[in-house]
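Trainee: Below is the structure I would like to discuss, written out as structure tokens.
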Amino acid sequence: MLRACFTRQQKYVSERLKRLLNSWQLFFLLVVFVKIKFFSKKGLFFLVIFALVVFIASKINFSPIIGAQNQSFTFFQFFGPIAGGFLGPVFGALSVLIAQAAEFFLSGKAIEPTNILRLTPMLFAAFYFGKYLQKKSLKDASIFIPLACMALFWLHPVGQQAWFYALYWLIPVFAKLFSKRLVARSFGATFTAHAIGSTIWLYTIPMPAEAWIALIPIVAIERTAFALGISASYVAFNTFLSKIDSIVSTGLQIDKAYVFGKKMFRLSA
């Protein structure tokens, strides 16, 4: 009996190790492919650091997702969008996708529609946070996304009963007026993620209008915390990468205005 139990345990550990090894191999191949097709060395440098932090932060829960069993917002929400600030909106979103996909496979998560859809909100948040939106079409898209979510929310029967919930998504639109301000970009990014996530949730998970209305004050607290976390993590990443850049050139879009120090406080004043 004891021997059989040990054999089963050994088999389980072996399968987990094999699965983890396969996941790492998949991640390695994904990074090589992305390096060849999309990223320069500087982008790959950021991607590796970013993916590592994503993997760790995704293991630390922040608050439970109401209406979903055994699911929580993690500390990834506090810095996910900043990739757009260093690599631009498109490549920033792509790096978020790669980092999340790596964490997804390495954690052995089930390939289910709900789990896959949960990867999308942060992509749009990183796109919104991207500082270098040179093309007018990209600027328009970052505003169109939350407005489209509002329309989809109001088209749903339950959304019509809790229509004022979607007014939160005007925040990314108005935040664009102050896009040079880090806190405004952070609020815009986290509420863009909120718009995408809530719209997906509305159409995939049954939840009464009363529950959506009850979430309104909770959303305000959570998203304020996320926005402040995004701002703080952007400063932290800028400061860290600036130190690295002073030793060896990274070529990344480091925002000197948000490198922690006396200069940052003078510029913010």
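The values are calculated or read from the model by the stated rules, or taken from the named source; none is laboratory data. Model, not experiment: these values are computed from the prediction. Note that we place each Cβ from the backbone using ideal geometry, even for glycine, and neighbour counts take in every protein chain shown.
Trainee: Output the residues belonging to the stretch 200-215 that are surrounded by fewer than 23 Cβ atoms within 10 Å (Cβ to Cβ) and assigned to a helix (DSSP H, G or I).
Mentor: Passing the criteria: Ile200, Trp201, Leu202, Tyr203, Thr204, Ala209, Glu210, Ala211, Ile213, Ala214, Leu215.
Trainee: Going by the conditions given, is Gly92 touching a helix residue (DSSP H, G or I) at 6+ places or on another chain (Cβ under 8 Å), within 18 Å of Phe226 (Cβ to Cβ), in a helix (DSSP H, G or I) and at pLDDT below 80?
Mentor: yes
Trainee: In addition: Can you name every residue in the stretch 230-269 that is crowded, with 18+ Cβ neighbours inside 10 Å, modelled with pLDDT under 70 and among the β-branched types (Val, Ile, Thr)?
Mentor: Scanning the stretch 230-269 gives a single hit, Thr250.
Trainee: Being at pLDDT below 95 and either outside any helix (DSSP H, G or I) or buried (at least 23 other Cβ atoms within 10 Å of the Cβ) (or both) is true for just one of Ala193, Ala184. Which residue is that?
Mentor: The unique qualifying residue is Ala193.
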